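Just below is one structure, and these are the notes that go with it.
Read-outs throughout are calculated quantities, based only on the coordinates presented, and are distinct from any laboratory measurement. Every value quoted in this text rests on a predicted model; they were computed, and no experiment measured them. Every residue, glycine as well, gets a Cβ built from its backbone with ideal geometry; the counts of neighbours run over all protein chains shown.
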Amino acid sequence: MSVATKSARETVEVISKSGRDRDRNLTSMLFLIGLWFSLFFGVMVLVVLIVDTAISGASRFDGDLITGYGSRVSPETTGFRAGILGSVWLMAFTALFAVPLGIAAAIYFEEFSDQTKWYNRVLEVNLQNLAAVPSIVYGLLAVAVMALMGFQQTGVVLGGAIALALLILPVIIITTREALRAVPAEIRQGSLALGATMWQTTWRQTLPSAIPGISTGTILGLSRAIGEAAPLVVVGIAGSVRFDPTGLASQITALPIQIYTLTSESREAYQTAASAAIIVLLVMILSLNGLAIYIRNKFQRSW
C-alpha cells in the first residue's frame, strides 16, 4: 500500500469518526428527541380525533347513511346520498376541466417556454403565488367566471367544478412540471438526434415517461379538492339539496357542505350523523391517496 493511499484512508477514518462524534453530542440528541416527540404528538392527536369521531358516529354506520337523503323530519335516518353523488360529480368535472389544462400548461412551461422572455418569468412568479392563495378566493373567481358566462343560477355543478378546478390547477401544473423535470435529458437528446421534432419528442418520449408522477400529483390534487367547503359556499352550493344531480346546470350539494350544515344543528341526532359522514369523507380521501401511492409505487421508474 502506498503512502498516499494510507494517508487518504486515515483521513477518511478521522473524518468519519469526527462526524459520528458530532452526531452523538447532546445538542443533536435533544434535537432528534424533539423531532420524534413532535411527530408522535401530531400523529397521536390525529388518531385520537379520528377515533373520537368514529365513536361518536358509530350508531349511524348503516345503509341509510349512504342511500338516504337529508331529512328535517327524521334526523335519526338522515342520509348523505345527495352529498356523496354531488361530490362524485364535482370530482369528475373538476378533473375534466383542470387536468388537460394543467398538463398542457406544465408542458409549455417545462418544454417550450423561453425563460429569457419577461412574460414567461411573470407567469412563473404568479404560478408559484397561486399555490398559496386561500381557497375561498377561488370561489370568488368562479363566481366571476359564471357571471361572464351569463349564468344567473347559483349552486350548480358547473360553478362548483370551476371553483375546484381553479383550486387544484396550480398543484397539477407544479407536480406535472416536477414529473417532466425528472425525465433524463438524455431521452430528449436521443430522440432529437434521431430526427424527431420537439413536439414528437415531448408527446412520444417525455410525456409517457412522466405519466406516473403526473397521475400521482393529479390524484393528490383531487383528494384535496374533495374535502374543500369554502369555495363551494361562495358559489352558492347549499346543504339542503335532496335529489341527485342530472347535469352541469343541476343544483347540487357536496359532502363537506352537508357536514358543515349538520354540525351547526343543535339536535344530537344531526351531530351523530355529521360524525359518521366525516368518517365517510375520510375514507374517500384516503382511498384517493392510497390510489396515488399505488400508482407511484407500481409505475415509478428509476433512471
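Before moving on, here are some points about what is shown:
- Which of Trp36, Trp203, Trp118, Trp89 has the fewest Cβ neighbours within 10 Å, and the rest in rising order: Trp118, Trp36, Trp203, Trp89
- Net charge dipole size for segment 67-149 [Lys, Arg +1 and Asp, Glu -1 on Cβ; Debye, nearest 20]: 300 debye
- Relative to its Kirkwood radius, the Cα radius of gyration of the chain gives an Rg/Rh of 1.11.
- By other beta-carbon atoms within 10 Å, ranking Leu286, Leu130 with the fewest at the front produces Leu286, Leu130.
- Whether segment 31-88 is rounded, prolate or oblate, judged on the alpha carbon gyration tensor where a/c under 1.5 counts as rounded: prolate
- Taking the longest Cα principal axis of the chain as reference, the axis of helix 118-130 is set at about 60 degrees.
- Selected from Val143, Ala163, Thr201, residue furthest toward positive end of dipole (the chain; charges at beta carbon): Thr201
- Angle in degrees between helix 207-225 and the longest Cα principal axis of the chain, rounded to the nearest 10: 40 degrees
- Trypsin sites (Lys or Arg not before Pro) lying in DSSP loop within segment 248-301, provided at most 16 other Cβ fall within 10 Å: Arg267, Arg301
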